[in-house]
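In what follows, a single structure is set out as structure tokens and then discussed.
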Number of protein chains: 2
Amino acid sequence: MVHQDKNQNDEKDISLKLFVVLNRAMQSIKKQVEEDIKRYGLNQTEFAVLELLYHKGDQPIQKIGSKVLIASSSITYVVDKLEKKKLIRRKPCPNDRRITYATLTEEGEEFMKNIFPEHKEAIHDILGGVEIEEKKMMIDQLKKLGTYANKDRS
Amino acid sequence: MVHQDKNQNDEKDISLKLFVVLNRAMQSIKKQVEEDIKRYGLNQTEFAVLELLYHKGDQPIQKIGSKVLIASSSITYVVDKLEKKKLIRRKPCPNDRRITYATLTEEGEEFMKNIFPEHKEAIHDILGGVEIEEKKMMIDQLKKLGTYANKDRS
DNA sequence: AAATAATATCTCGAATTCGAGATAATTATA
DNA sequence: TATAATTATCTCGAATTCGAGATATTATTT
């Protein structure tokens with residue numbers, strides 16, 4: 001085996017290692033975050049939808065799916081649940097009758113105003129394993145990784 | 001608001017940002033990896049179990065759960081599926097009759113020998129967004145993040 | 001204008017995961 | 001040794017997510 005091949009194998013080992021570590025770290029972090037969110041009586045998907053509406057305003061149901069990265073059939077389910085909890089409601093679009101907006105109720109608005117700072121605090125605590133400068137680096141690197149992963153490599 | 005408070009808010013924003021980016025990157029990467037694994041007729045959990053047995057040898061079913069990070073009830077399900085596919089089989093432990101080992105069949109061994117290099121290659125391709133030195137840094141940082149997240153912070 | 005394509009939401013059934021608790025075997029304690 | 005505690009696996013029902021396809025509406029093409 002020539003030197004060049006050896007290096008390439010090493011690099012693949014590093015990639016594999018990174019994938020494994022990324023997986024584990026994410027799983028640990030998600031578990032903790034999930035636990036925080038459970039305190040508010042929600043799961044991560046429900047919270048993500050509320051957060052989107054809270055920060056970006058009313059959204060067509062379909063847009064929610066692409067932002068929160070879940071399938072259209074799953075959104076219907078989540079929106080139903082949040083509607084039952086009276087945190088959001090459906091509002092038909094007057095111009096395009098195919099579209100239904102999801103919008104925070106007063107109650108939902110109030111709810112998010114209360115819990116979001118706590119949630120942010122919790123995430124900050126959970127991510128306390130690295131310094132701020134490292135976080136900034138990781139953000140850049142993860143963006144590159146994510147963007148590249150989405151590209152077509154075939 | 002005094003200067004100190006402002007900095008702390010900034011830091012929390014960075015943490016939140018890191019969490020969001022981490023989530024997104026992971027989701028993109030996982031989706032691609034899942035797609036690769038699907039080519040072999042498996043899902044990520046099934047593959048993770050096979051990989052564990054392939055690299056670490058026979059494992060008590062309960063050990064699999066803690067390594068692959070899924071609940072005991074889920075393992076039963078996954079092991080059942082892999083057994084139906086004739087890739088692994090259950091083998092009772094002679095010393096301790098509570099324990100059942102999962103072990104690769106000949107077929108499973110052969111299977112992994114064939115596909116694992118391809119899989120590794122695929123992951124390497126998917127993670128092509130950053131250079132090798134950055135990968136090494138990320139591995140260290142993610143380990144720190146993961147370890148810290150698992151700690152008790154209450 | 002009629003036919004076709006595209007878009008948005010929803011329904012349905014299947015797959016996966018979990019938590020609570022059942023069962024059986026082993027280990028520790030009184 | 002009998003009892004209690006621990007450990008390993010499994011069963012069951014609920015929650016969540018997906019993909020395929022149904023329905024309704026709007027946009028495009030012929």
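The values are calculated or read from the model by the stated rules, or taken from the named source; none is laboratory data. From a predicted model like this one, the values you see are computed outputs, not experimental measurements. Cβ placement follows ideal geometry from the backbone for every residue including glycine, while neighbour counts extend to all protein chains displayed. Quick note on the areas: whole protein, heavy atoms, side chains included, nothing else; ligands and nucleic acids left out. Shrake-Rupley method; radii C 1.70, N 1.55, O 1.52, S 1.80 Å.
Normalised by the number of residues in chain A, the mean separation of alpha-carbon contacts (under 8 Å, six or more apart) gives a relative contact order of 20 percent.
Would you mind pulling out the separation of the Cα centroids of segment B:74-131 and segment A:16-84, in Å? Their Cα centres are 30 Å away from one another. With R₀ fixed at 25 Å, the C-beta to C-beta distance from B:GLU118 to B:ALA71 puts the FRET efficiency at about 0.25.
In a DSSP loop and with at most 13 other Cβ atoms within 10 Å, the trypsin sites (Lys or Arg not before Pro) in segment A:91-132 are A:ARG97, A:ARG98. Averaged over peptide A:85-96, the number of partner chain Cβ atoms lying within 10 Å of each residue's Cβ comes to 0. Per residue, chain A reaches -24500 deg cm²/dmol at 222 nm when only DSSP H runs of four or more residues are counted, each adding -39500 (n - 2.57). Peptide B:29-41 has a mean of 2 when you count, residue by residue, the C-beta atoms of other protein chains within 10 Å of its C-beta. Residues of segment B:70-84 with backbone nitrogen within less than 12 Å of a virtual label 7 Å along the Cα-to-Cβ line of B:LEU52, please, listed as ranges. From segment B:70-84, the list is B:70-79.
Using a 1.4 angstrom probe on heavy atoms only, work out the carbon and sulfur share of the accessible area of segment B:1-125 in %.
Values: 3520 of 7270 Å².
Taking all protein chains in place, segment B:1-125 shows 48 percent carbon and sulfur surface.
Over all pairs of different C-alpha atoms in the protein assembly as shown, the reciprocal of the mean inverse distance, the Kirkwood hydrodynamic radius, equals 21.9 Å.
Going through the cross-link list A:LYS38/A:LYS84; A:LYS17/A:LYS67; A:LYS30/A:LYS85; A:LYS31/B:LYS120, which pairs have a Cα-Cα distance over 22 Å in this structure?
On the way: A:LYS38/A:LYS84 17 Å; A:LYS17/A:LYS67 29 Å; A:LYS30/A:LYS85 24 Å; A:LYS31/B:LYS120 27 Å.
From A:LYS38/A:LYS84; A:LYS17/A:LYS67; A:LYS30/A:LYS85; A:LYS31/B:LYS120, over 22 Å: A:LYS17/A:LYS67; A:LYS30/A:LYS85; A:LYS31/B:LYS120.
Among chain A residues, the one whose Cβ is nearest the axis of the rotation from A to B, given with its distance rounded to whole Å, is A:MET26, 2. Among the GluC sites (Glu not before Pro) within segment A:115-147, those in coil by DSSP and having at most 16 neighbouring Cβ atoms inside 10 Å are A:GLU131.
In the elastic network of chain B, a GNM with C-alpha springs shorter than 10 Å, the most mobile of B:LEU104, B:LEU50, B:LEU142 is B:LEU142. With a threshold of 31 Å on the Cα-Cα distance, the over-threshold entries among A:LYS81/A:LYS144; A:LYS86/A:LYS151; A:LYS136/B:LYS151; B:LYS56/B:LYS144; A:LYS144/B:LYS86; A:LYS63/A:LYS143 are A:LYS81/A:LYS144; A:LYS86/A:LYS151; A:LYS144/B:LYS86.
Looking at segment B:26-66 from every direction and averaging, what is the projected area of its Cα convex hull in nm²?
Averaged projected hull area, Cα only: 3.3 nm².
Neighbouring Cβ atoms from other chains, within 10 Å of the Cβ of residues in B:119-126, number 5 on average.
State in Å² the accessible area per residue of chain A; use a 1.4 Å probe, count heavy atoms of protein chains only, and round to the nearest integer. Let's see the in-between values first.
Working: 8890 Å² over 154 residues.
Accessible area per residue, chain A: 58 Å².
Per residue, the convex hull around the alpha carbon atoms of chain B comes to 163 Å³.
Give, in nm to one decimal, the length gained when the segment between B:GLU106 and B:ILE132 is fully stretched (0.36 nm per residue of separation minus the Cα-Cα distance).
5.8 nm
Does segment A:41-128 classify as rounded, prolate or oblate by the C-alpha gyration tensor (a ≥ b ≥ c root eigenvalues; a/c under 1.5 gives rounded; else a/b over b/c gives prolate, otherwise oblate)? The shape class here is prolate.
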